[in-house]
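Trainee: Sharing a structure here in structure tokens format.
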Amino acid sequence: MVPVPLNRSGLLAPLFRDVEETMAWSFLQGCMGRGAADRLPQPRAGRIVTGDFCFLAGDADSPDAERLAETLWEDAPNAFSLLIPPDRAWLQLIERVFAGRCTMLRRYAFRKTAQGFNIARLRSFAARPLPPGFRLVPVGAGLYRSVQKQAQLADLCSQFPSYLSYKRQGRGFAILYRGRPVCGASSYTVFKGGIEIEIDTLPGFRRRGFATVCAAALMLSCLEDGLYPSWDAANPTSCALAEKLGYRPSGAYTACLVTRQD
């Protein structure tokens with residue numbers, strides 16, 4: 001297994017040319033993430049890890065393909081990771097390598113196009129009146145630090161090691177209740193030309209329309225600056241919100257949730 005530095009990410013591009021996931025693009029475009037290959041300069045199999053997601057590509061039957069999966073934790077920061085297999089062969093390899101530690105999940109992708117977004121509708125969502133004590137604000141330095149201290153909101157900014165890096169590449173909005181963040185929409189990752197949206201809401205504040213307000217505000221901010229606000233849904237609730245905001249489904253896919261073995 002050979003690490004692929006971010007500034008040489010193009011070495012993996014031939015293996016991932018058919019991947020339509022912005023979090024893989026993040027690495028391939030030299031923005032963020034980590035990569036590895038079975039060999040260089042002409043890899044047969046490769047791995048990209050961005051945040052909690054791991055993308056595998058190439059020949060699952062190559063001699064070191066299993067090693068790419070086994071050494072996932074060299075790049076993955078947390079105790080779990082979502083592996084995205086491109087085909088049945090890689091899925092079977094993941095099941096074999098992570099036997100007893102792998103759960104199959106169904107996720108939902110959306111077309112990577114801004115066509116169909118209704119700007120007036122998004123503005124109406126973003127401008128919805130909030131209950132007394134609540135207000136919508138952009139993510140600034142103080143809010144960046146605040147959400148990182150809350151486990152249920154940390155992923156709003158978790159992929160940016162400092163506020164300066166977030167300010168330079170990311171953007172987001174949050175709803176505060178009495179000065180405390182309770183819901184937010186922000187850049188989980190970035191790629192050239194857009195961001196991948198992360199939305200989190202504290203349990204006691206769900207089903208009140210706050211995610212709609214934050215997401216619409218973030219989408220408008222991106223679209224006004226010529227950036228694409230990409231959306232990938234983990235569940236039917238997220239799917240419904242995405243379609244409400246104007247996203248068009250492109251289909252479900254399988255993700256493999258694997259846990260680290262200490």
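Trainee: Just add up the charged neighbours of L122: K/R +1, D/E -1, any other residue whose Cβ is under 13 Å from the Cβ of L122.
Mentor: Every neighbour counted, the sum reads +3.
Trainee: Non-local amide H neighbours of V4 (under 5 Å, H modeled in plane, Pro and chain starts lacking H): which ones?
Mentor: G35, A36, A37
Trainee: Could you check how much of the accessible area of the range 1-96 is carbon and sulfur, as a whole percent, using a 1.4 Å probe?
Mentor: 47
Trainee: Which loop GluC sites (Glu not before Pro) in the range 190-238, with loop taken from DSSP, have no more than 16 other Cβ atoms within 10 angstrom of their Cβ?
Mentor: Within the range 190-238, no GluC sites (Glu not before Pro) qualify (loop, at most 16 other Cβ atoms within 10 Å).
Trainee: In debye, nearest 20: dipole of the chain around its Cα centre with unit charges on the Cβ of K, R (+) and D, E (-)?
Mentor: Dipole about the Cα centre, nearest 20: 1200 debye.
Trainee: Pull out the extension gain between Q169 and R123, defined as 0.36 nm times the separation in residues minus the alpha carbon to alpha carbon distance; nm, one decimal.
Mentor: Numbers: separation 46, 0.36 × 46 = 16.56 nm, distance 2.34 nm.
In short, 14.2 nm is gained.
Trainee: Can you run phi through the Karplus equation (6.51, -1.76, 1.60; θ = phi - 60°) for the range 40-54 and list ³J(HN,Hα) in whole Hz, with x for Gly and Pro?
Mentor: Along the range 40-54, the couplings run 9, x, 10, x, 9, 9, x, 9, 10, 10, 10, x, 8, 10, 10 Hz.
Trainee: If r is the Cβ-Cβ distance from L40 to L130 and R0 is 41 Å, what FRET efficiency results, to the nearest 0.05?
Mentor: 0.20
Trainee: Could you give me the ³J(HN,Hα) list for the range 218-227, computed from phi with Karplus coefficients 6.51, -1.76, 1.60 and θ = phi - 60°, whole Hz, x at Gly and Pro?
Mentor: Those phi angles translate into 5, 4, 4, 4, 5, 4, 5, 9, x, 9 Hz.
Trainee: What Kirkwood radius, in Å to one decimal, follows from the Cα pairs of the range 1-88?
Mentor: 12.5
Trainee: Can you quote the Å³ per residue value for the convex hull of the Cα atoms in the chain, rounded to an integer?
Mentor: 126
Trainee: Quick one: ranking L105, L164, L176 by accessible area, 1.4 Å probe, largest first, what do you get?
Mentor: Heavy-atom accessible area, descending, gives L164, L105, L176.
Trainee: Read phi for every residue in the range 76-91 and hand back ³J(HN,Hα) as whole Hz from Karplus 6.51 cos²θ - 1.76 cosθ + 1.60, θ = phi - 60°, with x for Gly and Pro.
Mentor: Each residue of the range 76-91 in turn: 7, x, 10, 7, 9, 8, 9, 8, 10, x, x, 7, 5, 4, 5, 4 Hz.
Trainee: Which cross-chain or sequence-distant (5 or more) residues have an amide H under 5 Å from the amide H of D232, H modelled 1.01 Å from N in plane?
Mentor: Here I197 satisfy the definition.
Trainee: A follow-up question, please. Mark the label point 7 Å from the Cα of V137 along Cα→Cβ and return the residues of the range 158-178 whose backbone N is within less than 15 Å of it.
Mentor: 172-178
Trainee: Can you give the helix-only mean residue ellipticity at 222 nm for the chain, where every DSSP H stretch with n ≥ 4 adds -39500 (n - 2.57) and the sum goes over all residues, rounded to the nearest 500 deg cm²/dmol? Intermediate values should be presented prior to the final figure.
Mentor: Numbers: 8 runs with 71 residues, N = 262.
It comes out at -7500 deg cm²/dmol, rounded to the nearest 500.
Trainee: Then there's this: Could you name the lysines in cross-link range of K149, using Cα to Cα under 21 Å and dropping any fewer than eight places away on the same chain?
Mentor: K167
Trainee: Which value, in Å², gives the accessible area per residue of the chain when a 1.4 Å probe is used on the protein heavy atoms?
Mentor: Computed with neighbouring chains in place, this is 47 Å² per residue.
Trainee: What lysines sit close enough to K112 to cross-link, taking a C-alpha to C-alpha distance under 20 Å and skipping anything fewer than 8 places away on the same chain?
Mentor: K192, K244
Trainee: Within a Cβ distance under 14 Å of C239, other residues only, what is the Lys/Arg minus Asp/Glu net charge?
Mentor: Result for the local shell: +3.
Trainee: Between D61 and Q150, what FRET efficiency comes out of the Förster formula 1/(1 + (r/R0)^6) with R0 = 41 Å and r the beta carbon distance, rounded to 0.05?
Mentor: That gives a FRET efficiency of 0.40.
Trainee: How would you rank 168-175, 186-193, highest first, on the average number of other Cβ atoms within 10 Å across their residues?
Mentor: Taking the mean over residues of other Cβ atoms within 10 Å, the ranking is 186-193, 168-175.
Trainee: Just to confirm a number: summing +1 for Lys and Arg and -1 for Asp and Glu over residues other than Y177 whose beta-carbon lies under 11 angstrom from that of Y177, what do you get?
Mentor: Details: positive: R135, R178, R180, R208; negative: none.
Its environment carries a net charge of +4.
Trainee: In whole Å, largest first, what are the principal axis extents of the Cα atoms in the range 6-152?
Mentor: Over the range 6-152, Cα extents along the principal axes are 61, 35, 32 Å.
Trainee: Moving to a separate point now. If I compute solvent accessible area with a 1.4 Å probe over the protein chains, what percent of it on the range 123-262 is carbon and sulfur? Show your work: numbers first, answer last.
Mentor: Numbers: 3320 of 6560 Å².
Here carbon and sulfur together make up 51 percent of the probe-accessible area.
The values are calculated or read from the model by the stated rules, or taken from the named source; none is laboratory data. All of these numbers come straight from a predicted model, not from anything done at the bench. Glycine gets a Cβ as well: all are built from the backbone with ideal geometry, and neighbour counts include every protein chain shown. With ligands, DNA and RNA removed, areas are computed over all heavy atoms of the protein, side chains included. Shrake-Rupley method; radii C 1.70, N 1.55, O 1.52, S 1.80 Å.
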